[in-house]
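The values are calculated or read from the model by the stated rules, or taken from the named source; none is laboratory data. These numbers were taken from a predicted model, which means no experiment stands behind them. FYI the Cβ positions are ideal-geometry reconstructions off the backbone, even for glycines, and counts take in every protein chain you see. Remember, those area values only see protein heavy atoms, side chains included, never the ligands or the DNA or RNA. Shrake-Rupley method; radii C 1.70, N 1.55, O 1.52, S 1.80 Å.
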Amino acid sequence: MNTRINLPAYEMKIREEGNTRQIFDPIRKKYVALTPEEWVRQHFINLLVTHKNYPIGLLAVEHPVKVNNMQQRVDIVAFNKQGKPTLVVECKAPEVKLTRETYAQAARYNLSLKANYLVVTNGVTHFCSKIDNESKKFYPLTDIPQYGQLSEEENR
């Protein structure tokens with residue numbers, strides 16, 4: 001995949017299976033189809049684990065969530081040590097422009113999860129917000145928080 005993204009490079013495991021290129025997903029512990037969105041997702045997982053110190057065992061990929069009585073899947077969810085979602089990440093392909101609707105989609109996924117941080121990324125641009133779930137207010141951040149920077153309440 002020759003798509004230029006704004007995430008740290010890493011040594012990924014890629015293989016050819018028939019006519020399909022696949023990338024190894026360390027969360028699901030299997031090879032999955034290498035789509036542009038998956039390229040972004042795997043690079044973002046690497047960012048979280050290698051550069052932001054999120055424990056790999058506390059990450060979920062394509063986590064099921066119900067939105068308006070319809071089953072959906074959240075790209076990445078990070079949990080605290082008690083199993084409470086703390087960070088929700090919605091990944092898009094690099095050519096997908098991030099809009100208010102993209103952010104609203106991720107916010108809808110978070111209605112039932114109630115994580116305190118929300119990230120939307122296409123691998124080139126990343127938007128991160130801290131969420132006050134009581135007031136439903138979003139506070140833009142300039143960077144994705146380190147796992148250790150999450151508040152005491154979130155890490156308990």
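Conditions (1) in a strand (DSSP E or B); (2) of a type in the set (Val, Ile, Thr); (3) farther than 17 Å from ILE27 by Cβ, marked per residue:
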| site | (1), (2), (3) |
| --- | --- |
| VAL49 | no, yes, no |
| TYR54 | no, no, no |
| ARG73 | yes, no, no |
| ILE76 | yes, yes, no |
| TYR103 | no, no, yes |
| LYS130 | yes, no, yes |
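Filter the range 80-108 down to residues that are over 17 Å from LYS130 (Cβ atoms) and of a type in the set (Ser, Thr, Tyr) and give me whichever is least open to solvent (accessible area, probe 1.4 Å).
The extreme case among them is THR102.
May I ask you to list pairs of residues, at least six apart or on different chains, whose Cβ atoms are under 9 Å apart, with the first in the range 2-21 being surrounded by 12 or more Cβ atoms within 10 Å (Cβ to Cβ) and the second being part of a loop (DSSP other than H, G, I, E, B) and small (Gly, Ala, Ser)?
THR3/ALA93; THR3/GLY123; ILE5/GLY123; ASN6/GLY123; LEU7/GLY123
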